[in-house]
Each structure stands twice: as C-alpha cells, then as structure tokens.
Amino acid sequence: MANETKRIKPADAFGAVRTIDRRTFGQLIESISDLISGTRFYYLLLGLGILLIYIAAMFGVSAMSRGYREVYGISREIPWGILISTYVFFVVTSTGLCIISSLGHIFGVKQFLPVGNRAVYLAVVLIFAGFSVIFFDIENPFRMAIYNIISPNFTSNIWWMGTLYGAVMFFMWLEFIFLLLHWHRFAIITGLAGLIADIAAISNLGAIFGMLHSKEYWFGPYIPIYFIASAIMSGCAAIIIFTFLGYKINNEQMDRPLESAMQSIAKLAALMIVVLFFFTAWNVLTGLVGGEGKRMAILAMLKGPYAINFYVFEILIGMVIPFVMLLKNRFKDMRVLFTASLLMIVGIFFMRYDLVVVGQIVPVLYELDVKEYSGLLSYRPSIHEIMLCIGGLGIVATAFLIGEKVFKGHKSYVH
Amino acid sequence: MKRELLSMVMVALLLLSVSGSAEEIKNPGDIVYTFPVKAVLFSHYSHVKKASIQCDTCHPAIFKTKALAVESYPDFNMQALYDGKYCGACHNGGYAFSSDTQCARCHIGVKGANMYGEEIGKIKDMSYYMPKNTTVLGEGMYAASFNHNVHNVFECDTCHTSIFSFSYTPGEITMAKISEGKYCGECHNGEMAFASTNCVACHSGLSER
Amino acid sequence: MISELERREFLKLGLAITGVFAGGTLLSVVSQFDRVFASIDEYKHNYPYKPHYCMVIQQDRCIDCERCKKACAETNHVPEYGYRTTILERYVPDAVGQKREFIPVLCMQCNNPPCVRACPVKATYKDKNNGIVMMNYDKCIGCKTCISACPYNARYFDEERHAVDKCNFCFDTRISKGEKLTACAAICPAGVRIFGDLSNPDDRVFKIVHQLQVPVWVLRPEVGTKPNVFYTKGLKGVV
C-alpha cells in the first residue's frame, strides 16, 4: 500500500494525461480485433446472451403494452416480486464486487489486485443489469428521471438508493476508465468515491426494507447491515465465477498471483458464509419470539411454503455445501472454488427472493382477525417476470463476454 | 436425496393446498333478502328447529307464505321493525334480541349474499320442515291420509294458507266442501288431479270393507 | 387442580378480557384519544390542520351492504380491480349471539404517514391545510414503495391513472366542491361512517373522539402512524 501510493505522484498522473500513450489506443484496437477473432464457442455463448436479452426485451415490451397488473404475479398485497429481488441480487453483488476491487485498488491489499479490474468492470455491468430489471418493475421509469431531480424526498430511502446507485455507476465507470489508462491516482479517488457511495447505497437499499414498519419481518436495522455482509459474500462468489470463466474463455492458464488471489477471496467467502450463517440463525431465532407478524413469516420459511427455498437453497446450496467443499479442498482447486461459488450465487439468489417475498406474505391487517387476511398471502412469479430476470442474466453474460475480449482478460494490473 | 427432495416438494404442495376456512353451513329453507339492502339472512332452521316456533306463529299473519314476498312492501325497513312489524314483532328485546342490536347477526352483507350465489331468492329444501309421515286427518275408518312428500312439487303458498291453514280443526273439512271445490277439491276435481270421487285414494280405511 | 373444562372456560374468559371479542386488541377496551394525541391541549396546539378532517367508524353498525364501496368507485373512478375503501369480515364462531362483524377500512390519513416518508419524489404528501394524505398522480413513478409502506393496505396501483391511487376523503370530487360529506359517509344507510372536522369542538367527531364512555380505537396503533380514522362501538345514546 505504502509503496503504491508513493509511486503515484500527482505529477505522474498529469504526465499520463499529457501522454495518453499510444499503447492504450493500440491496445484497444487490438482488443477489438481480438473480439472479432474469437472462437466459435465464444460466439455461440455471445449469441446466446444477446438472444436472451432480445427475448427478455420482447417480454418487457409485451408487459409494458399489456400492463404490469395483468402479466406480473404481483398484487396489491404483494407489490414487490421477483423483479425487485433480482434487482437486489444484482446490485448487492455489484456492491460486493466493488468492495473486493477496493481491497486491492484502494486499501492496497496486494493479494486482491489481480482481480481488481474485472471486479470493477463487472460491478458496473451488474448495476446496469439491476437497473434494466427494475426498469420493468417501475411503472413510470421516465418520470423517475425527472422527479428524482426536481422533487426529491430526502427522507425516502428509495430516493437515496436510486441517486446513490446512479453516482456509483458514474464513479465506477470513471474508475474503470482510469484503470485502463493507468491513471492510478484518479482511479483511487473515483474508486473511493464509488465505494463510499456504494456502501451508502446498499445500506439504503437495505433500509428501504428495514424502515418499512408496516412489515414486521423487515423492520429494524438488521437488513441494512445484513446486506453489507452478504454483499461481500456475493462479491467473492461472483468474482471467482467470472475470473474462472474468463480464463476458460480466453483459454489461458492462471498465473500464481491470480491463483493466490482467488484462494484468498475464497477464504473470505468462507468467512462470510460463517458470518451470514450467524445472521440467518439469529434472525430466525429472534423472529420466533417476536410479534405475530414476524413469527408467521419465519415459520413460513421453517415449516411453511418457503421451507424448500430456505433449507435447500439458502442453507444447503447457499452456505453449507460450498463451505464444506471449500474447506475439504483447502481452497486449492480452482474448479472446486468455481463450483462452490456457483452454488453460493444460486443460494444468494434465493436469499434475496425469500427476503423480498416472505417479508410480504403476512397480511398487514392480519391481527384484525378478518376472513380476508386469515392466512399467508401467496405470490408466484409470472413468465414475464422470470423472463425479464433471465434477460438481466443475459445482459451480465453478454457484457462479461465482450469485456473479456475487449479488455483482454482484464490484465492491465500488470505494470 | 432425490426421493427426499420429492417428498419435500410434496409436503410443500400439501401445505400450499391447505387454504380457506370452513364457511357457515347453509341450512334448509334459508332466505336471503337483497332488498332494500344486500343482504339479510333469515334462517328457518334457527327459528323452527332451534327455537321450536310453529309455522302459523308467523305465517301468514306476519309474513306471507311466499319467500321474499315482503320485499315488495314499501315499509319493509328497519323503522318498521322498530315499530313492531315483520321481524320486529318478536325481535323487540322481549321475545328475541332487539332488532336495533346485533346488526350483523341477520345482515350478512354482500359477502354473505355472494356465498349463497345463485341460490339467492330460491327457497330450498323446505320439505325438511314438513311432516315426514303421512298426515292423518279425522278418526276411524273415515280418516283421510295426506302425504306432503307427494305434494312437494308445489310451493308452500300454493296451499298455505289460501286453501289450508297450518293447523286442522276437526270437522272443518268435509266431503261436501271438497266437492264444492274447496280444500282438496281445489285441485282434486278430475282435471288438475284425480277427482274426489276416488274415495279409497285418501280414505284407505274404506277399502278394508 | 382444575379440570380441562374449567381451564377452557378460563382461557375464554381471558380472551374476552383482552378484548378479542371487543375488537382484537387489549387497547380496544380503553379509550384511545390520549394515546393518539398526548392530550387535548397538546393536540389543539400542535395540529396545524384547519379543518382537520377525520372519520369515525361505528363498527357495530356496519352491515356490509357495500354501498360505500360502490359510491366511492363511482365518485372517484376506482377501477373494478382496486378499491379505496372496502369492508372486511370478521367471523367468530364461538361468540355468543352475533358471530360476525364487518370492519370498514380505508386510508387512515395518518398524522405520521409511512407512505409519505417512503415516496422518493413526493408524489404523495400530507396536505398542509387539512391533513389529508394526497396523491399527485403526475409525479408518481410507480415504484410501489408506498403500497409496501402502508400498514393498512390502503393503496393500489391504478392502471388507468398510471399511478398509485388511494382515498383522499373525496377531497377533489366532493369536499373541495362544497359537499360536507365523503361519498361513502353520505350513502351509508346505517350511519357507520361519521365524517367531520376534528379541530372543531362542536363537531360530532370531536365529541366522539374526546369522550370516555365508549371505547374509541385506531387500527394498528403499535406502528405509530397516528391515524385520523377512529373506530368505535356502542355509540348509540352516548354522543
């Protein structure tokens, strides 16, 4: 860290500005030619990604023209469905990636440097994917752009979250460009700004749920804190997956520093699994002794309609199996790291889904003891909602594939 | 593992399928009034079976023997009830709970009406309250038997109380009156139903001779 | 030792005392106005609304004729899939005598509205003059956070307006045009909905909320929204 910062003096940085060295441009042109000369399998994947986006866009247009009420599974009682949970999944993972990248770039933990560029790039991509998904959930997204600026409500977490994520996207893009240009000082400044905005954004995202006191399951400081911890785990899993895939696509061998970076990240992930396990356990245990609203929601996960999501996906696939896999392998084999991370990501997707949906299944007027709200409400994602989420994955896949070629495996950290 | 997963799925499906609560039982002869407000439930069951009230306590003095007929009366409203008419004849706090209390005991609302669905306005299963066995009028070999079950294709008000009251006074019905077209003779005239000259059809005691 | 029967009877008694039959919470057996506003004086000093519109609902008089729902829908162009006000049904099989009761619900026009805090663009706001929680349909971005934030399920997304819609005490359709009552209060045949001005001591709603003879309560007091829709029972002959 110390060495790093000492080396980058302002003069150097400005020197860099003056001599935007030909190498950078040359590199870019080379990258583009590289993209054109990909393998057949690569193009197949890329085509698939673009196809997914196209199909999802068709579903999106259809949903817009037919009205969300008709084609989505959401209702008056459960207004937030899988689109929101997928948005949360994407942006929380993005925050995780931002945190991982900052460990190397900003906090100077050298071990994490090799994955930094890819993490920054993917963080931007994931926010964009998240925004694309939520675009089709918000009924008037274009009004949002206007009234977010001319009629802001500073007490609203949604306002802060939206605005901050906008800022995050801006800073992270800048950081990524500066990293490509080797303007490290600027990269650090924008990276730090991005990180601060990102942490603020994710805790506000958590607070959207945490500050809704109409829903007992969500209410409290738990979710904003949980989101940050859980973001780190998501970020670890995501960067391992994408780095592994990146090297497969480019058909390259990982060098020693990268392997050790991956191993460190996997260790961090394992640690976060333990942390998250405690979060989950205490959330369940405290919920069981609390008010009826939260108790019912917890019971819906423990022995109700969400039990499979909870035990199989959240606990087994999301935490226990990857943890055991990683420990058994002693974090050595990259393929084990990759598989464990993939399982974690699947589990995390369900964690987000359950967090959003289970928070709403207890009717707000349950304690009125009326027929209308005598039991749990139900929500089932519609085909439109599912396709739009898959479209979000398509965006991530496509952007990732293009990024691997254009930015040549994100190896500009080597200097 | 697979089997476990399957059984878990089954359990989840089971849990999902358990929904809805037991609705109130629809008793025979329920009447659902939808005018002037939607909706009021009158339960024959509660009045006849639980409270053991005779038909002629209300019919026809307070209510016609035809379901919903009272809806056409302009004064069929809460004020009339408070004044002692209709339900208010008993529901005055004396014989039964006062009609200005326990509103939702009779008023079942739109939700209650929806529960009855298509059946609103159709009085069903009144035969539940009819004498199960053959009614025997008179004594000795001239006793005439009447079977409600044979006649239950008709509405109650076809016979009650324009032709028969709910109670029978011995000697009230005579063959002379029947042949004049009164009582049984209203229908048993050889046109609508077999003629009253077919003695043994009703007076089975005569056939023994 | 107590027998099973006695135990059951005892439990039932417990239910009755905690007010399960009276309205669902222990709070319903005591008058609530001092909880909603710390005191009359504090209320008079601190509430800037003039008039301060509010509604008292005589829960025991509702017969679910749903004329209010119909009148509301016609007056305020509420689509068939939505509602601004509705009637809920509570069914208590082991109650003595009357076994069901109907509970009208609508926007509580909270003094501390969670929806207003949650809206990112101030599309929903507390009217400074009369305290009604209003919607500015043009600003609504449709994020549905207010729907999630509402502890009373009073909001829904209206496809026709393409914005979230909610009860506004008929302000735009009736009250601002000089009508004295909301559509639902005007049509109710049983006088369930008493609409009035809580800042006027001569108004019936003021007298109902500020008496101690019959219970007056609000829904979900624990969320601290300080509703302006009050519920009562047994009001006949009191105010």
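FYI, it's all coordinate maths here, none of it is from the lab. Since the structure is predicted, the reported quantities are computational estimates derived from the model, not experimental observations. Backbone-built Cβ (ideal geometry, glycine too); neighbour counts: all protein chains shown.
Note on A:305-311: average number of Cβ atoms from other chains within 10 Å of each residue's Cβ is 3.
By how many nm would the segment from A:L51 to A:V274 grow when fully extended, if each residue of separation counts as 0.36 nm and the alpha-carbon distance is taken off?
Gain on stretching A:L51 to A:V274: 76.5 nm.
Of the trypsin sites (Lys or Arg not before Pro) found in the range C:130-222, those that fall in a DSSP loop while having at most 13 other beta-carbon atoms within 10 Å are C:K180. Within the listed set A:D198, A:D369, A:D354, the residue fluctuating most in the Gaussian network model of chain A (springs between alpha-carbon atoms under 10 angstrom) is A:D369. Near the amide H of C:D127, within less than 5 Å, lie the amide hydrogens of C:I132, C:V133, C:M134, all on another chain or at least 5 residues away, with H placed in the peptide plane.
Treating r as the C-beta distance of B:K49 and B:K122 and R0 as 25 Å, the FRET efficiency rounds to 0.80. For A:K332, the lysines whose Cα comes closer than 20 Å to its Cα, not counting residues fewer than 8 places off in the same chain, are A:K110, A:K248, A:K267. With contributions of -39500 (n - 2.57) from each DSSP H run of at least four residues, the per-residue ellipticity at 222 nm computed over the protein assembly as shown stands at -15000 deg cm²/dmol. Here chain A is scanned for trypsin sites (Lys or Arg not before Pro) in DSSP loops (not H, G, I, E, B) that have at most 14 other Cβ atoms within 10 Å, and the longest stretch holding none of them is A:1-329.
Normalised by the number of residues in the range C:31-232, the average gap of Cα pairs under 8 Å and 6 or more apart makes the relative contact order 32 percent. The orientation-averaged shadow of the Cα convex hull for the range C:55-114, equal to a quarter of the hull surface, comes to 5.8 nm².
Once C-alpha pairs closer than 8 Å and six or more residues apart are averaged by separation and normalised to the residue number of chain B, the relative contact order reads 18 percent. Sorting the Cα pairs of chain A by distance into bins of 20 Å, from 0 upward, gives 26, 57, 16, 1 percent per bin. Treating each Cα of the range C:31-232 as one equal point scatterer and applying the Debye formula with no solvent, the log10 of I(q)/I(0) at q = 0.08, 0.14, 0.17 Å⁻¹ comes out as -0.26, -0.82, -1.23. Neighbour counts of other Cβ atoms within 10 Å put C:M55, B:M78, C:M135, A:M211 in the fewest-to-most order B:M78, A:M211, C:M135, C:M55.
Over the Cα atoms of the range C:46-162, what is the Rg over Rh ratio if Rh follows Kirkwood? Don't jump to the answer; show the numbers that get you there.
Values: Rg = 16.3 Å, Rh = 16.0 Å.
With Rg and the Kirkwood Rh in hand, the quotient comes to 1.01.
Each of A:I273, A:I50, A:I202 has some number of other Cβ atoms within 10 Å of its Cβ, and from fewest to most they run A:I50, A:I273, A:I202. Determine the sum of side-chain charges near A:Y306: Lys and Arg each +1, Asp and Glu each -1, restricted to other residues whose C-beta is under 15 angstrom from that of A:Y306. Once all neighbours under 15 Å are counted, the net charge is +3.
Largest GNM mean-square fluctuation among A:N250, A:N157, A:N204, using chain A with Cα springs under 10 Å: A:N250. Taking 0.692 mPa s as the viscosity and 37 °C as the temperature, the Stokes-Einstein diffusion coefficient of the range B:130-207 based on its alpha-carbon Kirkwood radius rounds to 251 µm²/s. Checking every one of the GluC sites (Glu not before Pro) in the range C:147-239 against DSSP loop status and a limit of 10 other Cβ atoms within 10 Å picks out no site at all. Using θ = phi - 60° in the Karplus curve 6.51 cos²θ - 1.76 cosθ + 1.60, the 3J(HN,Hα) couplings for the range B:173-183 round to 9, 10, 4, 4, 5, 5, 5, 7, x, 9, 6 Hz; x is entered for Gly and Pro. Here the Karplus curve 6.51 cos²θ - 1.76 cosθ + 1.60, taken at θ = phi - 60°, turns the phi angles of the range B:29-36 into couplings of x, 5, 10, 10, 7, 10, 9, x Hz, with x standing for Gly and Pro.
Taking the inverse of the mean reciprocal distance over all distinct Cα pairs, the Kirkwood hydrodynamic radius of chain B comes to 20.9 Å.
For chain A, what is the relative contact order in percent, using Cα pairs closer than 8 Å and at least 6 residues apart in sequence? Computed value for chain A: 28 percent relative contact order. For a straight C-alpha distance cut-off of 27 angstrom, the lysines reachable from B:K182 (same-chain residues fewer than eight places away being disregarded) are B:K64, B:K66, B:K132.
Projected over every direction and averaged, the convex hull enclosing the alpha-carbon atoms of the range A:77-119 yields 3.5 nm².
As a proxy for reagent exposure, ranking A:I158, C:I194 by other Cβ atoms within 10 Å from fewest up yields C:I194, A:I158.
Considering only A:E385, A:E314, A:E292, the Gaussian network model of chain A with Cα springs below 10 Å gives its largest mean-square fluctuation to A:E292. The lysines whose alpha-carbon is closer than 17 Å to the alpha-carbon of C:K166, local same-chain residues fewer than 8 away aside, are C:K69, C:K70, C:K122, C:K126, C:K139, C:K144. Against chain A, whose longest principal axis is taken from its Cα atoms, helix A:116-135 shows a tilt of about 40°. Label-to-label distance, A:V320 versus A:E259, with points set 7 angstrom from Cα along the beta-carbon direction: 3.2 nm.
Divide, for the protein assembly as shown, the radius of gyration over alpha carbons by 2.2 N^0.38 Å, where N is the residue count. Numbers along the way, then the final one.
Working: Rg = 36.5 Å, N = 863, 2.2 N^0.38 = 28.7 Å.
Rg over 2.2 N^0.38 Å, computed on Cα atoms: 1.27.
Using the Kirkwood radius over C-alpha pairs as Rh, can you work out the diffusion coefficient of the range A:288-365 via Stokes-Einstein at 25 °C, viscosity 0.890 mPa s, in µm² per second? In µm²/s, the coefficient is 181. Normalised Debye scattering of the range A:167-291 at q = 0.09, 0.13, 0.16, 0.19 Å⁻¹ gives log10 I(q)/I(0) of -0.38, -0.73, -0.98, -1.16, counting only Cα atoms as equal scatterers and leaving out solvent.
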